[in-house]
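The values are calculated or read from the model by the stated rules, or taken from the named source; none is laboratory data. Just so it is clear, the model here is predicted, and its values are computed rather than measured. Glycine gets a Cβ as well: all are built from the backbone with ideal geometry, and neighbour counts include every protein chain shown.
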Amino acid sequence: MPTKKVKPTAWRNRIVGHDRKPASWFLLNPDNWKIHPLLQAEALDDLLSKVGWVGEVVVNKRTSEKWTEAQRNKPTLVDGHLRVQQALRRGKVLRVPLVYVDLEPDEERLVLVTMDPIGTMAQTDDEKLGELLAGMAGGEDPINQMLGDLSREADMTRLQDIEEDGAPGGRDLGDRNLAIKPVIRLDELSTFEKAIQLTGEANRGKAILTICSFYIEQAGGK
Amino acid sequence: MGADPKKDNSTLKLKVQLRINLLKEIKHPVILETHGGWGRVYDLVYRGIPDGVVLEKDPEKTLWLSTQRPTWSVYEGDCIRALAAGAGSHLVVNFVDVDPYGECWPVLDAFFGSVREWPDKLAIAVNDGLLQKLRLHGGWNVSSMAGIVAMYGNENLHKHYPEICQMLLKEKAAQVGYRLKRWTAYNCGHAGQMTHFAGLLVKS
């Protein structure tokens, strides 16, 4: 009897087109939650300068009826905010390659929330990364120089596990109560900090407001 | 003539990388920056982290820091005295960044000697500038090296400084119940005069 081949369920292709648009054309997503430190921006700029575009930014066409009237048919950036911002810094007319998708509001939110975090779930195979970097670094090319630096510096700044446990160093600490601590107390600061702690507020601004309110209350509201 | 370590900015990249690597160890970082300066490291590493404490002696810089990071607590004054007096103890600090012009040990003594709530995991990143003095055989005159000089000899302190840093951090952290779990240390900067080290401490 011939066996029936089961067709694997295909994933839907949500990509609806590709284009290139000037950096000033893009509408940034108001729900973008990612904060890009200066170092990341500089590294990205460096990579784009050395290699160029190797990936498109993602723009949602928002044609679904589920979008509000104000949002519908307003192509909005879903991924690639930093790339667009870096392009803008170089000039509004700089063209940015993009891929169009057409997602509903819930889908767009899901993509916004998960796109980068899913990527960061990848674990590093240190050996493979080492081999890759070793194979790339060492030449005269500036990119190779950069990778060489990256490899050496990453080694220096990477933390290693401490094998022995428990022992707080090779010296006898003696009686802790007899130890002399170089502590100079600032009375005003101590009082202030104690007052802050007594409020039980984790937010410092709220704690200060609580203290002020207390004093105002003590002074009969004046 | 040697370069003034105060003006040596060649270590910034390493400083930043070290902190970025160390931050990976802490899920929800609450930062204590003992020497805020003009906020360069904040710009490169801590921007986006809402909770933190920064100390700075210079009034002009302090003013800048308070506008740079409105959600942080900004203290103006000598960091050793301020830490000892409990500055920043309203937050459970779990990431300490120490970047003094000279040695780091009085700052760490003040921190570990202060009354505050201690987290289960505590990350410490330090830039230390004592090595130059140790190279010039001045270790005997540094109070934080008392006892250490007898172990290594005044003339050899600089050769062993990264391991001395580990030993001292272990001792100081043990006073409040921590053990060192992860560690890195290296010399860098002009003529290797700076020492960077980082440790991840866990409650023993």
### Task
For B:Arg69, work out the one condition from (1) within 23 Å of B:Met167 (Cα to Cα); (2) free of Cβ contacts under 8 Å to residues at least 60 places away in the same chain; (3) of a type in the set (Lys, Arg) it doesn't fulfil.
(1)
### Query
Can you pull out the helices (runs of 4 or more DSSP H) entirely within the range B:12-112 that have at least 1 residues that are touching a His at 6+ places or on another chain (Cβ under 7 Å) and farther than 25 Å from A:Leu198 by Cβ?
B:12-23
### Query
So, of the residues in the range A:35-46 that are of a type outside the set (Asp, Glu) and farther than 18 Å from A:Leu98 by Cα, which turns out to be surrounded by the most Cβ atoms within 10 Å (Cβ to Cβ)?
A:Pro37
### Task
Count, please, the residues in the range B:1-47 that happen to be at pLDDT 90 or above and of a type in the set (Ser, Thr, Tyr).
3
### Close pairs (8 angstrom Cβ cut-off, 6 or more residues apart or separate chains): at the interface with another protein chain (Cβ under 10 Å from one of its Cβ atoms) and basic (Lys, Arg) in the range B:10-28, crowded, with 19+ Cβ neighbours inside 10 Å and assigned to a loop (DSSP other than H, G, I, E, B) anywhere
B:Lys15/B:Asp99
### Message
Could you go through the range A:15-28 and let me know if any residue there is under 22 Å from A:Pro105 (Cα atoms), loosely packed, with under 14 Cβ neighbours inside 10 Å, touching a helix residue (DSSP H, G or I) at 6+ places or on another chain (Cβ under 7 Å) and assigned by TED's automatic domain parsing to the domain that holds A:Leu103.
### Response
yes
### Task
Please state which one of A:Val111, A:Val58, A:Val101 is in contact with a strand residue (DSSP E or B) (Cβ under 7 Å, 6 or more places away or on another chain) and within 30 Å of B:Gln17 (Cβ to Cβ).
A:Val58
### Task
Taking the residues in the range B:70-110 that are away from every other protein chain (no Cβ under 12 Å) and under 19 Å from B:His28 (Cβ atoms) as candidates, determine which candidate is surrounded by the fewest Cβ atoms within 10 Å (Cβ to Cβ).
B:Asn94
### Message
I'd like the full set of residues that are touching a residue at least 60 places away in the same chain (Cβ under 8 Å) and not in a loop (DSSP other than H, G, I, E, B), limited to the range A:26-77.
### Response
A:Asp46, A:Lys50
### Query
Across the range B:133-153, which residue is nearest to the other protein chains (Cβ to nearest Cβ) among those that are under 21 Å from B:His190 (Cβ atoms) and touching a helix residue (DSSP H, G or I) at 6+ places or on another chain (Cβ under 6 Å)?
B:Gly139
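Yes/no matrix, rows are residues, columns are (1) away from chain A (no Cβ under 12 Å); (2) among the basic types (Lys, Arg); (3) within 15 Å of B:Leu122 (Cα to Cα):
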{"residue": "B:Glu155", "(1), (2), (3)": "yes, no, no"}
{"residue": "B:Leu169", "(1), (2), (3)": "no, no, yes"}
{"residue": "B:Ala173", "(1), (2), (3)": "no, no, yes"}
{"residue": "B:Arg182", "(1), (2), (3)": "no, yes, yes"}
{"residue": "B:His190", "(1), (2), (3)": "yes, no, no"}
{"residue": "B:Gln193", "(1), (2), (3)": "yes, no, no"}
{"residue": "B:Phe197", "(1), (2), (3)": "no, no, yes"}
{"residue": "B:Leu201", "(1), (2), (3)": "no, no, yes"}
